[in-house]
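Take a look at the structure set out below.
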Amino acid sequence: MKISVKISGLMLGLPLLAIAGQFEVSEFKLNNGLKVLVKEDHRAPVVVSQVWYKIGSSYEHDGITGISHMLEHMMFKGTEHHPAGEFSRIIAANGGSENAFTGEDFTAYFQSLEKSRLEVSFKLEADRMRYLKLDEVEFAKEREVVLEERRLRTEDQPRDKTMELFIALAFSNGPYKNPVIGWPEDIKEYTLSDLQKWYRQWYAPNNATVVVVGDVQPEAVHDLAQKYFGVLAPSRLPKLKSRTELDQTGLRRMIVKQPAKLPFLVMGYKVPVLKGAVKEWEPYALEVLTGILDGGNGARLPSRLVRGKEIAAEANVGYNLYSRLPTLLTIEAVPAQGHDTATLEQALREEIRQLQEKPVTSEELAQVKAQVVAHKVYEQDSGFYQAMELGMLETVGLSWSKAEEYVDKIKAVTPEQVQAVARKYLLEDRLSIAYLDPLPITDGTTTAETLLEDTHAR
């Protein structure tokens, strides 16, 4: 099966194609269920190849949290045909770079190579899709690596630790409750059989999407995919059980006490996403609302709270309309010197109240739309991010064609729609709040936050 669609659209009167270049996306599906997406970008003789699996932390159950991330580590530890370290060595010998990442809804592996080396990538990725060799010695060593990674990135980072506990507070029973890296006690208790079962269950061509962006011809990519991936047997994938988050019935609040230099505040409202939204315009309105609050130096939070009233040292808003399941719109902030988190919370909630009570002006909305759309368009300069958007959309259960709708959907958002989603979703009964209450950093207590500040000072 093949589908070809050309990206079109305007950015406030400026043709999108004039900025991003005229690209075509071709879609193929092999007989074993593997989907292949190819986006031509002939501006440089390079190619980005990514393999996306529909598996991440939101698929896990209690006792094995973080196992998708652990398996990502083990995917570099050798197959029946290549010993540990051989994958990276071959990619480097061919002048390429490679890595991987795990999220709530996916695990992905990628390489960037000169265009004639795409076959190297396909050969290696197809090999480890089905022939991974899970060794007890390598597994034991890598489990310690993951525990150390968790210590450095979470346990020793006061803000990240606060965020982890905040997420666990905000979601009572939903799949997004657990951290991607897993809880430490679960990591310590992994067994090799846990990993083998997870690998056999989810790493299969009918649970994967291969995305290629670069100076390539779609038919040639299809032929390569058929040669290396087409011979792999599909799996019988388990049917996912519905794991719907319980309705929140009131404000949730927590205090996290850790050695740190600065206090920190995070607020999160439960909101819908594009997948499963009853009204498709709502996630786009939430995206624009995010830009109104934090869409550059002229947005409301930096202009009013950071520079204007000088209540906040920093304030950031996050929202991902491409999540697989309903998620959070989050506001993270650090109070300015002389102010506390309680005062900052009230200032942030006042900004939310103003969005609910009065529609944004046409001028402010046009400015925010221009910034949101421009950011999206300029991502097209990166083959990696082009591929990432296509892979993410497919893996969370949306069509890659949603990427080409983004500009027009954002442009169609009205002031009344922004006000409507603020009134409907940014409510106290949907709100969770966490404070980081800094404890003194005593002699012998060195946090990663301190190390970072010391490094910047040098």
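If you only keep lysine pairs separated by 8 or more in sequence, or across chains, how many in region 66-218 come under 25 Å at the Cα atoms? Close lysine pairs found across region 66-218: 19. Using only the Cα atoms of region 139-190, build the gyration tensor, take square roots of its eigenvalues as a ≥ b ≥ c, and label the shape rounded, prolate or oblate: rounded if a/c is under 1.5, else prolate if a/b is larger than b/c, else oblate. Since a/c reaches 1.5 but b/c is at least a/b, the shape of region 139-190 is classed as oblate. Under the rule a/c < 1.5 gives rounded, and otherwise a/b versus b/c splits prolate from oblate, where does the chain land using the Cα gyration tensor? Oblate, because a/c is 1.5 or more while a/b does not exceed b/c. Normalised by the number of residues in the chain, the average gap of Cα pairs under 8 Å and 6 or more apart makes the relative contact order 22 percent. Take the Kirkwood radius over Cα pairs of region 217-307, plug it into Stokes-Einstein at 10 °C and 1.306 mPa s, and you get 82 µm²/s for translational diffusion. Sorted from greatest to least, the principal axis extents spanned by the alpha carbons of region 309-405 come out as 46, 28, 26 Å.
Show me the ranking of peptides 149-155, 213-219 by mean Cβ neighbours inside 10 Å, starting with the highest. Spell out each step's value before the answer.
Details: 149-155: 16.0, 213-219: 20.0.
Result, highest mean Cβ count within 10 Å first: 213-219, 149-155.
Mean projected area of the Cα convex hull of region 13-123, taken over all directions, amounts to 9.9 nm². Semi-axis lengths, largest first, of the ellipsoid equivalent to region 169-253 are 36, 20, 14 Å, with √(5λ) applied to each eigenvalue of the Cα gyration tensor. The residues of the chain present an accessible area of 44 Å² per residue when probed at 1.4 Å with all protein chains retained. When LYS227, LYS411 are compared by accessible area of protein heavy atoms, the largest-first order is LYS227, LYS411, using a 1.4 Å probe.
Give me the percent of the accessible area of region 310-387 that comes from carbon and sulfur atoms, probe 1.4 Å, all protein chains in place.
Working: 1670 of 3470 Å².
Carbon with sulfur: 48 percent of the solvent-accessible area.
Taking the dipole about the Cα centre of the chain, with the C-beta of Lys and Arg at +1 and of Asp and Glu at -1, give me whichever of SER382, ALA208, VAL146 is farthest to the positive side. The Cα lying farthest towards the positive end belongs to ALA208. Taking packing as the residue-averaged number of other Cβ atoms within 10 angstrom, the listed peptides 422-430, 34-42 run from highest to lowest as 34-42, 422-430.
Separation of region 141-162 from region 32-53 is 32 Å, based on Cα centroids. Would you mind telling me the share, in percent, of accessible area of region 192-267 contributed by carbon and sulfur at probe 1.4 angstrom? Ligands and nucleic acids excluded, carbon and sulfur reach 53 percent.
Carbon and sulfur atoms: what percent of the 1.4 Å accessible area of region 32-175 do they account for? The partial results should precede the final answer.
Numbers: 2750 of 5430 Å².
Answer for region 32-175: carbon and sulfur cover 51 percent of the accessible area.
Estimated from helices alone, the mean residue ellipticity of the chain at 222 nm is -12000 deg cm²/dmol (sum of -39500 (n - 2.57) over DSSP H runs with n ≥ 4, per residue).
The values are calculated or read from the model by the stated rules, or taken from the named source; none is laboratory data. If you're wondering where the values come from, they're calculated on a predicted model, not measured in any experiment. Don't worry about glycine lacking a Cβ; one is built from the backbone with ideal geometry, like all the others, and counts go over all protein chains shown. These accessible areas exclude ligands, DNA and RNA; they are computed on the full protein's heavy atoms, side chains included. Shrake-Rupley method; radii C 1.70, N 1.55, O 1.52, S 1.80 Å.
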